[in-house]
Amino acid sequence: MAQPTESRVFDELLLVRARQGDGRAAERLAIRWYPRLRRAARRILRDADLAEDAVQETWAGICSGWLGLSDPRRFPAWAYGILTRKCADSLRRIVRERERQSGQPVPAESGGGAPDARMGLNAAFASLPGDQRIAATLFFGEGLTLTEISAATSVPLGTVKSRLFHARQKLKAALSGSELP
């Protein structure tokens, strides 16, 4: 198992203190985590306003549920798990609204077509199917371990590995400008 970083240990300390009612520790934890959650939500949802709403809902869920978190070391996976569920809720609302407006079912995200070779990393991430984008964002963007991603997304470890493998292939192809078969 990887050694915890100073940053993670500090987050654990802040969480323990916040759970004991220390408002300053809770505020500091929010200052440290809100930008991380926002960055991940923007990558997942690809919309700044939707991401901000999802992060606000996520932080409310974190604050109301942190007393139930038995192990402060699991905070990152737990927090990103809440975020991914809030993002999924947001995406479902969008699909329902589009279906209501058009009167027809909205096709599932295909993740098709390789992007232009000059497309940036954000565009390459945006081209990934949702489940791969979430796994890649949590792994590459947020530094979670495979086990933490498994916990955050509530999928088996093998599924996380598969999603990351396919996401890595698609990102390489997108960034090099070549098509995948």
- [ ] Under 7 Å between Cβ atoms, at least 6 apart or on separate chains: pull out the pairs that start in the range 71-98 with a residue that is of a type in the set (F, W, Y) and end on any residue that is part of a helix (DSSP H, G or I).
- [x] F75/D11; F75/E12; F75/L15; Y80/A40; Y80/L138; Y80/A152
Task: Members of the range 14-24 that are in a helix (DSSP H, G or I) and without any contact (Cβ under 8 Å) to a residue 12 or more places away in the chain - done: R17, G23, R24
TODO: Consider T5 carefully, then state whether it is exposed (fewer than 14 other Cβ atoms within 10 Å of the Cβ) and closer than 28 Å to F125 by Cβ.
DONE: yes
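Mind checking which residues of the range 134-149 are more than 12 Å from the chain's Cα centre (by Cα) and either surrounded by 19 or more Cβ atoms within 10 Å (Cβ to Cβ) or part of a helix (DSSP H, G or I) (or both)?
Hits for the range 134-149 are L146, T147.
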- [ ] Keeping to the range 154-164, report how many residues are in contact with a helix residue (DSSP H, G or I) (Cβ under 6 Å, 6 or more places away or on another chain) and touching a residue at least 24 places away in the same chain (Cβ under 8 Å).
- [x] 3
Open item on the list: Taking the condition of being of a type in the set (A, V, I, L, M, F, W, C) and either outside any helix (DSSP H, G or I) or under 19 Å from V16 (Cβ atoms) (or both), how many residues in the range 32-63 meet it?
Closed with: 4
Open item on the list: Given (1) outside any helix (DSSP H, G or I); (2) modelled with pLDDT of 80 or more; (3) in contact with an Asp or Glu (Cβ under 7 Å, 6 or more places away or on another chain), identify the lone condition not met by P105.
Closed with: (2)
- [ ] Assess whether L29 counts as being touching a residue at least 40 places away in the same chain (Cβ under 8 Å) and assigned to a helix (DSSP H, G or I).
- [x] no
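The values are calculated or read from the model by the stated rules, or taken from the named source; none is laboratory data. Bear in mind the structure is a predicted one, so any value in this text is a computation, not a measurement. When we count neighbours, we look across all protein chains shown, and the Cβ atoms used for this are built from the backbone with ideal geometry, even at glycine.
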